[in-house]
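Worksheet: one structure, shown below.
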Amino acid sequence: MSRPRPVRRWRALSKPQRTELYVRWSLYAVALVQPVVTLGVVAGSFGRDGVTDAESAVAVAGSLAAAALNGVLVRVGMAAYLGRRPRPYAWVAVAGAASATVSVAELLLGPPVEAEGASFPLTVSILTMTFWIAATAVALSVLETAAAAVAGLLLVALPLLLTGASPGFVAGLLTGCLLGSSIAACTARGSAWTAKVVWELDAAREAQARLAVAEERLRFSRDLHDVLGRNLATIALKSELAVRLARRQQPQAVDQMTEVQRIAQDSQREVREVVRGYRTVELHTELAGAASVLRAANVDCRTELSGAGGLPAEAQSVLGWVVREAATNVLRHSEAAHCLFRLRVSGGTAVLEVENDGVPAVPPPRAEGAGSGLRGLGERLAAHGGTLSTAGSGPGRFRLTAELPITARELAS
């Protein structure tokens, strides 16, 4: 059954993208509420003495224009808050000028603010400035938002004083407006902060996966350096000595080259031991390490083991590599919240399943040359008679299954 296109697009988004989209449209909805609330105020004041048609028309038209500008301000402000563009000071000024104009026009068209019937222009003015301050909180810093709010409210206070309002009344009105707009601004900025935190957590998770891979590479390179560094330096010195002796036709040159040959053979043996030690792992250790790394990345990791205690060392080594690669894939290619490692041994076959959620519906594009880990695992299992398969176990879920035959001789050993 084909899902509707909006559902497919939603499932194709990552968790940070979903969070940002939700926050954006929540703030857009708040901006769209402004004309709805204004229409409610106009309807509630319809037919009331003192409320003119001009006041109602300015309130409705002004709220529509201010809401549109606030919506644009939220859009560019979110991009600036997430660090994708500079702060939109011009849009803040334009939206603020429009909101202040609507507020001042309402106050000038209405009766004196301390007179009876002045609640309508005051309500419209306060609502208009509050919605603008909330949108500004997304676009600017806290101090800049506070400065813009004070400047905008002072612009509105000036016509109040000119129309004969007492300074005490104006001060009390501005204080109440500041408190209300502060609550709205904190709510809007808190929503934007949530989206930013989710993006930062996603970046930290990717960095953690890259660091885990880099740490493993450093460990392997350090082991190789410790094994080969001294021997290669000795080979270089003895080869140089052998060349000098050969030029003098000294018989000791043969002895030196024989020693070089012996050191080279020892180096080969030591490199094989390092590689064998790197490839030969203890399955329980690998499972514990993978679970620790995944839990550090806020992934609920569980293990279910049945009959794993009698696995031979070679089988544990091969399955340990499956655990390593699977854990890396969970960290790098999904946004998993849950992961399960399930191992069962029955009928001479060991079956390891790794299942996780958080798989995007549309996989992200991979860099050229990437994505060879699973292919290498399949080749490693095939060399021991095993198989590797992958499949989706449900919407947004992924399952990796490795099957490895265990002979009776291996189990006995």
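The values are calculated or read from the model by the stated rules, or taken from the named source; none is laboratory data. Keep in mind it's a predicted model, so treat the numbers as computed, not measured. As a convention, Cβ positions derive from the backbone with ideal geometry for all residues, glycine included, and neighbour counts pool all protein chains shown. Please note that ligands, DNA and RNA were not included when accessible areas were found on the heavy atoms of the full protein model with its side chains. Shrake-Rupley method; radii C 1.70, N 1.55, O 1.52, S 1.80 Å.
Give the shape of the stretch 1-103 as rounded, prolate or oblate, defined through the alpha-carbon gyration tensor: a ≥ b ≥ c are the square roots of its eigenvalues, a/c under 1.5 means rounded, and otherwise the shape is prolate if a/b is larger than b/c and oblate if not. Oblate, because a/c is 1.5 or more while a/b does not exceed b/c.
Positive-end ranking of L174, A253, H384 along the dipole of the chain, with charges on Cβ about the Cα centre, is headed by A253. Return the FRET efficiency for the residue pair D300, C186: r is the Cβ-Cβ distance, R0 is 45 Å, and the value is rounded to the nearest 0.05. Efficiency computed from Cβ-Cβ geometry: 0.90. For A29 and R332, a Förster radius of 41 Å and the Cβ-Cβ distance give a FRET efficiency of 0.70, rounded to the nearest 0.05. Using alpha-carbon positions, what is the distance between the centroids of the stretch 285-333 and the stretch 164-236, in Å? Going from one Cα centre to the other spans 28 Å.
How high is the FRET efficiency from L64 to A233, r the C-beta distance, R0 56 Å, rounded to 0.05?
Values: r = 80 Å, r/R0 = 1.43.
Computed FRET efficiency for L64 and A233 comes out at 0.10.
Here the convex hull built on the C-alpha positions of the stretch 188-338 has a volume of 136 cubic angstrom per residue.
Can you tell me the mean projection area, over all orientations, of the convex hull of the chain's alpha carbons? Units nm², please. Provide the component values of the computation, followed by the final result.
On the way: hull surface 135.3 nm².
Orientation-averaged projected area of the Cα hull: 33.8 nm².
For the listed peptides 377-385, 398-406, 316-324, a ranking on the average number of other beta carbons within 10 Å per residue, highest first, reads 316-324, 398-406, 377-385. Report note on the peptides 256-263, 34-41, 126-133, 167-174: ranked by the mean count of other C-beta atoms within 10 Å, highest first, their order is 126-133, 34-41, 256-263, 167-174. Note on the chain: helix-only mean residue ellipticity at 222 nm, from DSSP H runs of 4+ residues weighted -39500 (n - 2.57) and normalised by residue number, equals -25000 deg cm²/dmol.
Solvent exposure of the chain amounts to 55 Å² per residue of accessible area, where only protein heavy atoms count and the probe is 1.4 Å. Only protein atoms count toward the accessible area here, which uses a 1.4 Å probe; on the stretch 95-254, the carbon and sulfur part of that area reaches 68 percent.
When each full DSSP H helix of the chain is screened for a Cα extent of at least 27 Å along its own axis and an average Kyte-Doolittle hydropathy of at least 0.0, the helices passing are 15-44, 53-81, 89-109, 119-139, 142-162, 167-247, 313-333. Label-to-label distance for A391 and S141 is 5.7 nm, based on points extended 7 Å past Cα in the beta-carbon direction. Of the peptides 286-295, 246-255, the order by per-residue mean of other Cβ atoms within 10 Å, starting with the highest, comes out as 286-295, 246-255.
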